[in-house]
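Colleague: Dumping the structure here so I can ask a few things about it.
We did not get these values from a lab; they are worked out from the coordinates using the rules stated. Computed from a prediction, not measured in an experiment: that's the story for all the values here. When we count neighbours, we look across all protein chains shown, and the Cβ atoms used for this are built from the backbone with ideal geometry, even at glycine.
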Amino acid sequence: MSGTEKSKAHIEQAKGKAKVAMGRMAGNERMTAEGRADQAKGNARHAKEDIKDSFRH
């Protein structure tokens, strides 16, 4: 189960990076901010799964 959650976290991080890049190219600050928020959510999800894994082992 942890593997699927970690893959979701990686997808969310990549989606955020893409939004940041598109926002910068278009000069759209809102899209850039949304991308950073998506990256933060992905980072938080990944950290949560790392913590859960540390308690399993």
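Colleague: Name every residue in the range 44-55 that is under 15 Å from the mean Cα position of the chain (by Cα) and of a type in the set (A, V, I, L, M), in order of residue number. Spell out the reasoning first.
Modeller: The first filter runs over the range 44-55 and keeps only residues under 15 Å from the mean Cα position of the chain (by Cα), leaving 44-50.
If the condition is that a residue be under 15 Å from the mean Cα position of the chain (by Cα) and of a type in the set (A, V, I, L, M), then A44, A47 are the ones that fit.
Colleague: When you look at K41, is it under 12 Å from the mean Cα position of the chain (by Cα) and of a type in the set (D, E, K, R), yes or no? Steps first, please.
Modeller: On the way: under 12 Å from the mean Cα position of the chain (by Cα): yes; of a type in the set (D, E, K, R): yes.
For K41, the condition - under 12 Å from the mean Cα position of the chain (by Cα) and of a type in the set (D, E, K, R) - is met.
Colleague: Hey, another quick one. State the number of residues belonging to the range 1-38 that are in contact (Cβ under 8 Å) with a residue 40 or more places away in the chain and over 11 Å from the mean Cα position of the chain (by Cα).
Modeller: Here is the first cut: in the range 1-38, the residues in contact (Cβ under 8 Å) with a residue 40 or more places away in the chain are 2, 5-6, 9.
Remaining after also requiring over 11 Å from the mean Cα position of the chain (by Cα): 2, 5.
The total comes to 2.
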